[in-house]
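Every number here is computed from the coordinates shown, using simple stated rules; none is lab data. These figures come from a predicted structure and were not determined experimentally. Note that each Cβ is placed from the backbone with ideal geometry, even for glycine, and that neighbours are counted across all protein chains shown.
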Amino acid sequence: MIELRNVSYSYIGKNVRVDAVKSISCHFEKGKFYALMGPSGSGKSTLMQLINALVQPTQGSILYQGKPIETFRPNEYRLKYVSLIHQNFCLLPFLNVLENVLYPTSLLKINKQEARIQAIKQLETLGLDATYHKRMPSMLSGGEQQRVAIARAMCTGAPVLTADEPTGNLDSENARHIASIFSHLAHEEKKTIIMVTHDPEMAKQADIVLHLKDGKLLLNPSDM
Amino acid sequence: MNILRYTLVHMIRSKKNTLISLLVYLVIFLLLMSFQQMMFSRQDTLLRMLDTLQVQGVVSHPGGEKPDDLNMPEKSYQAFLPDGQYAPYLSEVRLRSAHSFTLDDINGSLVAITDENADYITRYHPIEYTDCIENVWMSEECVCVLTMDLMSKIHTDEHGDAWIDINGMFESNESGPEAFNASSGTWTSAALGIKTAVPLSLRVIGTVTGEKTIFCPFRYLQTVKAENSNMVLRANALSFIVRDNDQLPLLRDMLSESFIAVDHVNTSASQTYAVLLQDAQFLQLTNEANRSLQMMLFLRPILYLAAMGAGIMLVMMQMRSRKKELASIRSMGASAFHAALCCLLEYLLICLPVNLAACLIVSSALSIFGLYIGIAFILGAAISILVFAHTPLARQIRELEE
């Protein structure tokens, strides 16, 4: 689904060159739940940015279904192929739950009625019934907000979901719930889930756990 | 959800922000409009002053206004009279001083005196009035003053008034007018046969010593001219009042072109006449008005820049709370342009009702200015929004996560 070939990323920070990601090669397959783990500064978030085409690799290439992602228009790529779920949910505060979920579909210009049915279905799958539809984000708990964010990411039908510390702001119960949702999405709906996390308990639910340290992918996690 | 609906929903559900934006724009708009109104008023006042100012002009012989220097040919001053080429630009024309023409029959001359120069004959010739008030030249009657040499030419009517007939009597020294019909105002003369109308019969109201000259008020000269097409008139000066000060530059150009050289009536030599426009005060006010206009031209961009600055500042202030929203929609797949448009449309919708209200309430000139303020404000907002919208998304998301 997504392949990284010798991907490196460097940036200049305070007159010092920082190699955030160093020659990483890996492959993310369809229907698998991946967890990216590593200490702070290990390059997890940068790797997520690279996968989401938020930044361009300074070396190497990233392929989506065999095509370099530079060949896609970045916003179209994020809209149709790889959805991003944020740690702090990033729901639009002035839109209600249903409107939030429907928002990305308005960018896709798909049939409104179909999009609405799909959104309601996604919300129900995530345990948010019709009573939630008109609620504003401020009226939801953290776990509920994250579920709305997942529904929103799902709604466009993107085959890949990336989540940067999606449970960072949640209690353990909600975190487990979110992890189980990701597992379900990967195994039942054949989505590719790539999740950055610090939480080993969350990582346990993933099919594959990738460890990063100093911008490199560790083949042997015991090296950490 | 299209951009317009998204913007409207944002405006309605973020009432506080919308209200602040609206108030800020309203305050800026009113301030700048008031300033502009002040400048317009000042300009109007100056222009009104310029309009009401009477600009006078004088055309004279360069040698000066000497009443006995009657050498301006008729064709020159005819240009100023009601049918002349300058008539559209002039509200009032007065021939100044004396105008004479030769009366060949008596080897003398008729001198017409304008009201302003009525004292001419008293200054240059001792006058003896027989039956008149002092200011004879303001009289509505056809009056004249004769030299003693011409006294024999007058006749007396049945009331005992002395009359001189300019048009007819010198043609026949023998008989003269025989009868005056008071109801028709005409003289009949058997000796002249067909001559029945003598419009310029002047009642003699005084005598002066000197040559064979008849002095009469200027207004009768034109009547004489009407009766004697061959008569050659000359004047040495005239004055006029400009009808429309706006057209003063045009008039000045025309005058300077025409009066560079005017052929003298009696000689082949070229004669130059001086045209003096008494427009010093007008020019002073014009300069002041121009300075004011220049100031306005200079200040206008500053006002627009102020509006633009206000747009930039307002967006910068509000963008703090909108950064998260814009980063979110961009991370979902909206383009930078789409994100910018969502914000910009909101400021456009804020400006629109204020400007529409201004169009309905105030004059068109001001509403156009208001439109420019609106455009400047939107432009400022657009600059600010576009700068933010083009911030790398990765950085926006990093800030978002922080």
>> List the residues, sorted by chain then number, that are 5 or more residues from residue B:214 or on another chain and whose placed amide H is less than 5 Å from its amide H.
In response: B:109, B:110, B:111
> What fraction of the DSSP beta bridges in chain A is antiparallel, stated in percent and rounded to the nearest 5?
Replying inline: 55 percent
> Calculated from DSSP H runs of 4 or more alone, at -39500 (n - 2.57) each and per residue, what is the 222 nm mean residue ellipticity of chain A, nearest 500?
Replying inline: -10500 deg cm²/dmol
> In the stretch B:270-322, which trypsin sites (Lys or Arg not before Pro) fall in coil by DSSP and have 13 or fewer other Cβ atoms within 10 Å?
Replying inline: none
>> Nothing charged except the Cβ atoms of Lys and Arg (+1) and of Asp and Glu (-1): what's the magnitude of the dipole of the stretch A:79-149 about its Cα centre? Round to the nearest 20 debye.
In response: 200 debye
>> Is the C-alpha gyration tensor of the stretch A:72-153 telling us rounded, prolate or oblate? Criteria: a/c under 1.5 is rounded; beyond that, a/b larger than b/c is prolate, otherwise oblate.
In response: oblate
> Among A:9, B:124, which comes first, then next, by fewest other beta-carbon atoms within 10 Å?
Replying inline: B:124, A:9
> Pairs A:80/A:190; A:30/A:67; A:191/B:324; A:44/A:67; B:15/B:323; A:112/B:15: which exceed 20 Å Cα-Cα?
Replying inline: A:191/B:324; A:44/A:67; A:112/B:15
> Name the residues of the stretch A:110-147 whose amide N is less than 19 Å from a point 7 angstrom out from the Cα of residue A:184 along the C-beta direction?
Replying inline: A:117-133, A:141-147
> What per residue convex hull volume, in Å³, comes out for chain A when only alpha-carbon positions are used?
Replying inline: 127 Å³
> Cα gyration tensor of the stretch A:101-224, axes a ≥ b ≥ c as square roots of the eigenvalues: rounded (a/c below 1.5), prolate (a/b > b/c) or oblate?
Replying inline: prolate
